[in-house]
Amino acid sequence: MGLDWPKSFDPAEQQRSLREIVAKLKSANFNTIYFQIRGRADAMYRSHFEPWSQQLTGTLGEDPGWDPLAFIIEEAHAQGMELHAWFNTFLVKSGGPKPPESNPRHVIISHPEWMQQVNGEWWFDPGVPEVRDYNLKVAMDVIRNYNIDGIQFDFIRYPGKPFPDEATYKKYGQNLTKSDWRRENINMFVRSFYASAIAVKPMLKIGATPIGIYTNFNGARGQQSYTELYQDSRCWLREGIIDYIVPQVYWTLGNTPGDPDFAIVVRDWSSYIYNRQIYIGIGAYKSNILDEIPQLIDTTRTAGLGGVSFFRYENISKALDIGGQFRYSAMIPPMKWKDPFPPNSPMNVQVQNINDGIFSISWAQPAFAPDGDGAKCFNIYRSPVKPIDIEEPAYLIGKVSNQTTNFVDTINRIASSKYYYAVTAIDKGNNESVPAVESVVMPEIVELAKRFSFEFRLAQNFPLPASSVVYIPYEIKERTPVFLIILDERNKELINVVDAVREPGRYIAAANIEKLKDGMYSYMLIAGSFSEKKIFRVDN
């Protein structure tokens, strides 16, 4: 907590930097954010049970005047990304003095009888039933009050074998060995939370991030999740009381002295999926691991696992291109045990040639599926061949919300004499429909394919007349700074649409003009020594 964000106590800066993080991850084709909402029994959200984190204001329990969790949920969803709440479970405080008084009081102050200290750290005693009930109550408070897509439990374990819980074991251990009893304490929390959470939100994705080695095996030795931390994640997968796990496989490929081989550990996990999902956690905070990330991703994909996750943003932000591994957008894997029914296909797909290399794709909403689902969003594909392979990530050219039934595609560099478009519906469970394909091949593309160079030119806007959004096509002959502005009748600049350096190619700029009054306006393109202006009318 406080490592990646926030960097100051200024609410405006906190919001600006959080928005920037989301935007950068989206531009790099990440699709899920884990946002830590509970670090040390405190809150990055408006909790009914725990104090505001001092990371926000410098003072434990002080209201920052805004809600970071609500804020980042809105930002992530606006970008088409999922937001999972990262929840530290049984670790309460990492050393130092006891927390000060706050409102509400920190749990170390209000319930010292629930605490045990190990190596200077405060931990909940998971063997105390009231501890599990309390953590369940805190987590369910988040589920009921925030539109999160998932929750990920970290530190959902004991700190290690040395743990002063002899009195608790004597009181609650029954006939189990201490090791089995400790594991069962964690299992009981997972079972209780899963049942409680899906009763409220059946589509909520519930996950955890266990230590990387479940138990030692030939080729991999280290701290063991099952026998040393009492974390039986394979039991959770097998029982279906969790939807996914992200093992912390924070090692490199090969034989680094003292560390297991990343590839061997990943292959071991791939044998224990139990019809749930496993994403591999990569320790990007280690410089030697950061250098290997493209190879680690390849290894994970070869093992057939669902994806990767990185700890942590500040480290991965220095290499967001990921060696080209994320150059295409990736679908979030559906969870068929939560939603087995795909949506119906969009209807009446039509493609219109707006300008050379610029096409408008439109469609109608699909009929509701048997489970009542419509579309959460739509994917748009373009392919030079038919049928369109929607499993090929290079063909996915766009994604829009369910409020939109059109998309404008610009083909900057013609590579084929024929192109086909398809639209699919995505439902709340990330199931994808059968593609609806426009069967008419655009004959105009044949002529376009013969062009081997670009020109400087500005095309007529569309639609005509313009309403709330105007689309302006233009073409650039060479790499140059480009300025596109909207002017009033007196040539006064009203809106700066484009201010960037562009490579040669065809582009289309979208300008929000809903605040302009009805009337005549113009737009001007300036690209190097080239300039051109066109007139258009606004009719809102």
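The values are calculated or read from the model by the stated rules, or taken from the named source; none is laboratory data. This one's a predicted model, so the numbers in the text were calculated from it and none came from an experiment. Glycine gets a Cβ as well: all are built from the backbone with ideal geometry, and neighbour counts include every protein chain shown.
Of note:
- If the condition is being surrounded by 13 or more Cβ atoms within 10 Å (Cβ to Cβ) and within 31 Å of the chain's Cα centre (by Cα), then region 511-540 contributes Ala511, Ile513.
- Verdict on Ile186 being closer than 23 Å to Arg238 by Cα and assigned to a strand (DSSP E or B): no
- Of Gly80, Gly127, all but one fail to be at pLDDT below 95 and not in a helix (DSSP H, G or I); the exception is Gly80.
- Checklist (1) in contact with a Phe, Trp or Tyr (Cβ under 8 Å, 6 or more places away or on another chain); (2) assigned to a helix (DSSP H, G or I) applied to Ile297, failing item: (1)
- Applying the criterion of at least 3 residues that are touching a Phe, Trp or Tyr at 6+ places or on another chain (Cβ under 8 Å) and surrounded by fewer than 18 Cβ atoms within 10 Å (Cβ to Cβ) to the strands (runs of 3 or more DSSP E) found wholly in region 448-510 leaves 493-502.
- Restricting region 1-54 to residues that are among the charged types (D, E, K, R) and part of a loop (DSSP other than H, G, I, E, B), the residue that is surrounded by the most Cβ atoms within 10 Å (Cβ to Cβ): Asp42
- Number of the exception - Asp409 against (1) among the acidic types (Asp, Glu); (2) under 20 Å from Lys26 (Cα atoms); (3) at pLDDT 95 or above: (3)
- Residue in region 55-77 that is polar (S, T, N, Q), buried (at least 16 other Cβ atoms within 10 Å of the Cβ), assigned to a strand (DSSP E or B) and in contact (Cβ under 8 Å) with a residue 24 or more places away in the chain present: no
- Hey, Pro126 surrounded by 19 or more Cβ atoms within 10 Å (Cβ to Cβ) and more than 28 Å from Ala195 (Cα to Cα) or not: no
- Test result for Ile21, more than 22 Å from Phe326 (Cβ to Cβ) and touching a residue at least 60 places away in the same chain (Cβ under 8 Å): no
- Selection within region 497-516 - under 17 Å from Ala466 (Cβ atoms) and not basic (Lys, Arg): Val497, Val498, Ile508, Ala509, Ala510, Ala511, Asn512, Ile513, Glu514, Leu516
- Residue that is nearest to the chain's Cα centre (by Cα), among those in region 253-262 that are surrounded by fewer than 21 Cβ atoms within 10 Å (Cβ to Cβ) and at negative phi: Leu253
- Residue pairs meeting the criteria (Cβ under 7 Å; at least 6 apart or on separate chains; first in the same structural domain as Gln152 (by TED's automatic domain parsing), in region 242-260; second charged (D, E, K, R) and outside any loop (DSSP other than H, G, I, E, B)): Asp243/Lys205; Tyr244/Lys205
- Every condition in (1) surrounded by fewer than 22 Cβ atoms within 10 Å (Cβ to Cβ); (2) assigned to a loop (DSSP other than H, G, I, E, B) is met by Met140 except one, and the failing one is (2).
- Test for Arg382: is it basic (Lys, Arg), modelled with pLDDT under 95 and buried (at least 20 other Cβ atoms within 10 Å of the Cβ): yes
- If you go through region 300-324 and keep only what is farther than 12 Å from Val249 by Cα and part of a helix (DSSP H, G or I), you end up with Arg301, Thr302, Tyr313, Glu314, Asn315, Ile316, Ser317, Lys318, Ala319, Ile322, Gly323, Gly324.
- For Ser233, the requirement of being surrounded by fewer than 17 Cβ atoms within 10 Å (Cβ to Cβ), of a type in the set (Ser, Thr, Tyr) and touching a strand residue (DSSP E or B) at 6+ places or on another chain (Cβ under 9 Å) is not met.
- Of all residues making up region 197-222, the number that are of a type in the set (S, T, N, Q) and either within 18 Å of Ile278 (Cβ to Cβ) or in contact (Cβ under 8 Å) with a residue 40 or more places away in the chain (or both): 2
- The set of residues in region 79-95 being out of contact with any Lys or Arg (no Cβ under 9 Å at 6 or more places or on another chain) and either of a type in the set (Gly, Ala, Ser) or free of Cβ contacts under 8 Å to residues at least 24 places away in the same chain (or both) consists of Gly95 alone.
- Filter result for Tyr274 (over 26 Å from Leu396 (Cβ atoms), in contact (Cβ under 8 Å) with a residue 40 or more places away in the chain, surrounded by fewer than 17 Cβ atoms within 10 Å (Cβ to Cβ) and of a type in the set (Phe, Trp, Tyr)): yes
- Boolean, Lys318 is over 27 Å from Val437 (Cβ atoms) and in contact (Cβ under 8 Å) with a residue 40 or more places away in the chain: no
- If the condition is being over 14 Å from Trp236 (Cβ atoms), of a type in the set (Val, Ile, Thr) and either surrounded by 15 or more Cβ atoms within 10 Å (Cβ to Cβ) or under 31 Å from the mean Cα position of the chain (by Cα) (or both), then region 152-183 contributes only Thr168.
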